[in-house]
Amino acid sequence: MHPESGLIRLGFQRAHEKGPVVPTNKLPPEIGARAAIEDIKAGFDAAGYVCSEAIATAVFLAVRLGKPVLIEGPPGVGKTELARATSTWLEKPLIRLQCYEGLDEAKALYEWKYGKQLLYTQVLKDKLGDLMEGAKGLKESIARLHEFDDTFFNEEFLEPRPLLKALWAKDGAVLLIDEIDKSDQEFEAFLLEMLQDYQISIPELGTISARIPPVCFLTSNNTRELGDALKRRCLHLYIPYPDAALERRIIERRVPELCAELNRELVAFVQGLRAIDLKKVPAISETIDWARALVLLHANTLDVELVRTTLNVLLKFQDDIENVDGELYALTSAARKAR
Amino acid sequence: MSAVLTDFLKALRASDVRVSTAEGMDAVAALAAVGFEDRTLVKNALSQALAKSPDDKLRFDACFEHFFAHEDMQRIDDAEPEAPPEGAPPNDMPPPGGGGSGAGGLLGLLESGDRAALQLALAQGAAQARVNEIRLFTQRGQFTRRTLEAMGLVGAEEAIERLEAAGEIERARRARRKLVELREEVIAYVERQMLLLTANAGTKLREETLARIPLARAEARDFKLMQGLVRKLAKRLIALHSRRRKIARRGQLDVRHTLRRNIEFDGLLFDLVWKRKKIERPKVVAVCDVSGSVAAVSRFLLLFLYSLTEVLPKIRAFVFSNQLAEVTSLFETLTAEDAVAKAQRDYGWGSTDYGRALAELEAIALDDIDHRTTVLVLGDARSNYGNPGHASLRRIHERARRVIWLNPEPRTFWNTGDSEMRRLGAACDRVESCRSLAQLEAVVTEILRTAV
């Protein structure tokens, strides 16, 4: 096979160098940064995601500069949720790639439709006689064969996986590469081309660039140190546990049934809990679960007994629950004061 | 702005945040996108473009706050409640003398009490005096002087003298005091710049020296720093070598390659290809002399090896002076530093007996040594005229992938007195003199290069 014969360029030039990545009615270029960020905050709020200043800035930069964002932070602070909210806000489909050990390009990028290719060879064999009719000698037959395009390794036979889907998406997309730290280092290296130029190389086809560069998010729980090369290509957003005010707003947004007083108590309690040395510190997702549980129980105020019976929603290790048990009274009364 | 940003990057690098050129360019693009009006916005944007780990973020925050501090000239400002003293000339009078507009400017600035303008003048003066090139504590005076001169100190002093000559003693006195206060401001500014730019220069210099001095001569107070250094070096080696470890996935059909290979057979699956990658499990058996002068070196070698557990999954460590003991479990339960200290305390007594130690090693570990094992022996090979144990070492050598002997003595001392380096070295693949952290790193790198 001639190396160039099957080369097709599906995309255009590196579109992200020319301005905003995703063509969107959101964030027109003439609007100032401060206004844009307020816009993002409001838009995300409507999508059910309360974001801090830093998060809004990251989304703003990701869209304006067309750079992927690497999100780090403890589990349960809303890293994955951020990508989902962005997709809702931009009204673009969310394409998610969950990473795990052993993930390879056949599962992340593309696969050939082998069955179809086999059928094709069968069909080709049958038709070969017709095609070669009248050709004299081997040389002429081969010359005639070369007149046909290389249809075997062709876009037709390509089964797109998440990364390719994101590049092929017609109106752009939000690409979430979840838990990149779980994947192998080879895969991380493989991503570099994709993240830098929004293009990938398929040996049989050549380079495929994005029709419209997607907005990329990568999340990591830091189970292993990511390579410098990857970090260099991304903006880096660290989402810590939220402060009390932000957490109250999140709970307000996510569990609107909860009354304001209990919300304040509950958040104060969780914030107090985070200061204790625990195996698994409760994150926002646990706080939300707990708030929902308290709503179901028709609770109006925290008391030690209620906390003790529902603590397993917040803490996921028996050791932690036992450790905290002695401090419950102090924590609860401190939380009451926040009411 | 780009000049300010360049200076800021310099300050960031000085406070140990690694910033590449590409990231610097990202920062420029990010700044262009967010503008300069909003401080928190600028901070967030720069932080996301430049600081790429939680530690870096902390350092970034501190550096940012320092660098873009709101510099107030309060001392100059509230020194005097601005009530024109009686007898003072009306302030529309031009600065007397008026020689050199710069001089008049500084005096005028001081008298007008315009904070922002004075701050601007200070920044300009500092830029002119190249304060951002300050390196050493002792340069403070020099840079302060240069900044003041760039701001027009000489002219201002002359102007004050002229004022005195003209009999305006009160005004001259006030101007002089403001000048002194300005000098204090400038000193504070220069010091802040110096702190910003040289925060870590001292440590870096020290680390560079420590990497090169002989370990036996390192002082106890430096151990902590050196342990940090070892960890840093180990981290670098891990980053360098962990990429080469492959994962084996046996029994999985590689459909793609199978099809491609079988196209020549009419698409019949004739020749199957399996997904398979080679797995390498390097093993290291480290044997360390922990008596006397060798102790310092063995301490760091063990620390080094145990910092590398991420790329060296299997390490067995033995220490000996007159008898051999395995310390592998110590390292699993204690931190590396504590483990080394305990090993030295418990086993570091007695005169070295290589014959016995190597014979015991053969008895304990020979079964575990195979063609993947690298045996590292660290010792000065001084056997006190006893049996050097070269026969045991030779038997180990036959089994192992290779045997490396590290000797903390310089080569010229080998084979003098009771040193048995020649006989022991004959049973090794390599013998190295290993006296400093830098040499230690070179040796460990060599092991990783071929073993991982």
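When you scan region A:300-321, how many residues do you find that are in a helix (DSSP H, G or I), under 22 Å from A:Pro75 (Cβ atoms) and not hydrophobic (A, V, I, L, M, F, W, C)?
Total meeting the criteria: 5.
All but one of (1) away from chain B (no Cβ under 14 Å); (2) of a type outside the set (S, T, N, Q); (3) in contact with a Leu (Cβ under 8 Å, 6 or more places away or on another chain) hold for A:Pro93, so report the exception by its number.
Among (1) away from chain B (no Cβ under 14 Å); (2) of a type outside the set (S, T, N, Q); (3) in contact with a Leu (Cβ under 8 Å, 6 or more places away or on another chain), the lone unmet condition for A:Pro93 is (3).
Cβ-Cβ under 6 Å, sequence separation 6+ or interchain: first residue in region A:111-129 and at the interface with another protein chain (Cβ under 10 Å from one of its Cβ atoms), partner modelled with pLDDT of 80 or more and in a strand (DSSP E or B). Which pairs?
Listed pairs, sorted by first residue: A:Glu111/A:Glu159.
Would you pick out the residues in region A:326-339 that are open to solvent by 60 Å² or more (accessible area, probe 1.4 Å), more than 12 Å from A:Leu273 (Cβ to Cβ) and touching a residue at least 12 places away in the same chain (Cβ under 8 Å)?
Answer for region A:326-339, where residues must be open to solvent by 60 Å² or more (accessible area, probe 1.4 Å), more than 12 Å from A:Leu273 (Cβ to Cβ) and touching a residue at least 12 places away in the same chain (Cβ under 8 Å): A:Tyr329, A:Arg336, A:Lys337, A:Arg339.
Suppose the filter is over 20 Å from A:Pro282 (Cα atoms), buried (at least 19 other Cβ atoms within 10 Å of the Cβ) and in contact (Cβ under 8 Å) with a residue 60 or more places away in the chain; does A:Ser220 pass it?
When the stated conditions are applied, A:Ser220 does not pass them.
Has region A:74-81 got at least one residue that is within 11 Å of chain B (Cβ to nearest Cβ) and either in a helix (DSSP H, G or I) or open to solvent by 60 Å² or more (accessible area, probe 1.4 Å) (or both)?
No, region A:74-81 has no match at all.
Do you know which of the residues in region B:36-63 that are open to solvent by less than 20 Å² (accessible area, probe 1.4 Å) and assigned to a loop (DSSP other than H, G, I, E, B) is nearest to the other protein chains (Cβ to nearest Cβ)?
If we take residues in region B:36-63 being open to solvent by less than 20 Å² (accessible area, probe 1.4 Å) and assigned to a loop (DSSP other than H, G, I, E, B), then B:Lys52 is nearest to the other protein chains (Cβ to nearest Cβ).
Collect the residues in region A:96-107 that are within 11 Å of chain B (Cβ to nearest Cβ) and either in contact with a helix residue (DSSP H, G or I) (Cβ under 8 Å, 6 or more places away or on another chain) or open to solvent by less than 10 Å² (accessible area, probe 1.4 Å) (or both), keeping them in residue-number order.
The answer is A:Glu101, A:Asp104, A:Glu105, A:Ala106.
What is the number of the single condition among (1) without any contact (Cβ under 8 Å) to a residue 24 or more places away in the chain; (2) surrounded by fewer than 17 Cβ atoms within 10 Å (Cβ to Cβ) that B:Asn387 does not meet?
Result: B:Asn387 passes all but (1).
Checking A:Val69 against (1) at pLDDT below 90; (2) at the interface with chain B (Cβ under 10 Å from one of its Cβ atoms); (3) closer than 25 Å to B:Pro54 by Cα, which single condition isn't satisfied?
Checking A:Val69 against (1) at pLDDT below 90; (2) at the interface with chain B (Cβ under 10 Å from one of its Cβ atoms); (3) closer than 25 Å to B:Pro54 by Cα, the one that fails is (1).
Exactly one condition in (1) open to solvent by 30 Å² or more (accessible area, probe 1.4 Å); (2) without any contact (Cβ under 8 Å) to a residue 40 or more places away in the chain is false for A:Ser141; which is it?
Unmet condition: (1).
Test of understanding: among B:Leu366, B:Leu378, which residue is farther than 19 Å from B:Tyr306 by Cα and of a type in the set (A, V, I, L, M)?
B:Leu366
For B:Asp26, work out the one condition from (1) charged (D, E, K, R); (2) touching a strand residue (DSSP E or B) at 6+ places or on another chain (Cβ under 9 Å); (3) more than 11 Å from every other protein chain (Cβ to nearest Cβ) it doesn't fulfil.
So the condition that B:Asp26 fails would be (3).
Looking only at region A:304-318, decide whether some residue is touching a Lys or Arg at 6+ places or on another chain (Cβ under 6 Å), open to solvent by less than 40 Å² (accessible area, probe 1.4 Å) and at pLDDT 85 or above.
No - not one qualifying residue is present in region A:304-318.
Within the set of pairs 6 or more residues apart or between chains, which connect a residue that is under 18 Å from A:Lys113 (Cβ atoms) inside region B:257-276 to a residue that is in a helix (DSSP H, G or I) and open to solvent by 80 Å² or more (accessible area, probe 1.4 Å) with Cβ atoms less than 9 Å apart?
B:Gly267/A:Gln122; B:Gly267/A:Lys125
Answer yes or no as to whether A:Thr57 is away from every other protein chain (no Cβ under 14 Å), touching a residue at least 12 places away in the same chain (Cβ under 8 Å), polar (S, T, N, Q) and out of contact with any Lys or Arg (no Cβ under 8 Å at 6 or more places or on another chain).
Judged against the criteria, A:Thr57 is not a match.
Give me the helices (runs of 4 or more DSSP H) completely within region A:150-262, filtered to those with at least 1 residues that are within 14 Å of chain B (Cβ to nearest Cβ), ordered by residue number.
A:185-197, A:228-233
The values are calculated or read from the model by the stated rules, or taken from the named source; none is laboratory data. The structure displayed is predicted, hence computed values, not measured ones. All Cβ positions, even for glycine, are placed from backbone atoms using ideal geometry, and neighbour counts span all protein chains on display. Quick note on the areas: whole protein, heavy atoms, side chains included, nothing else; ligands and nucleic acids left out. Shrake-Rupley method; radii C 1.70, N 1.55, O 1.52, S 1.80 Å.
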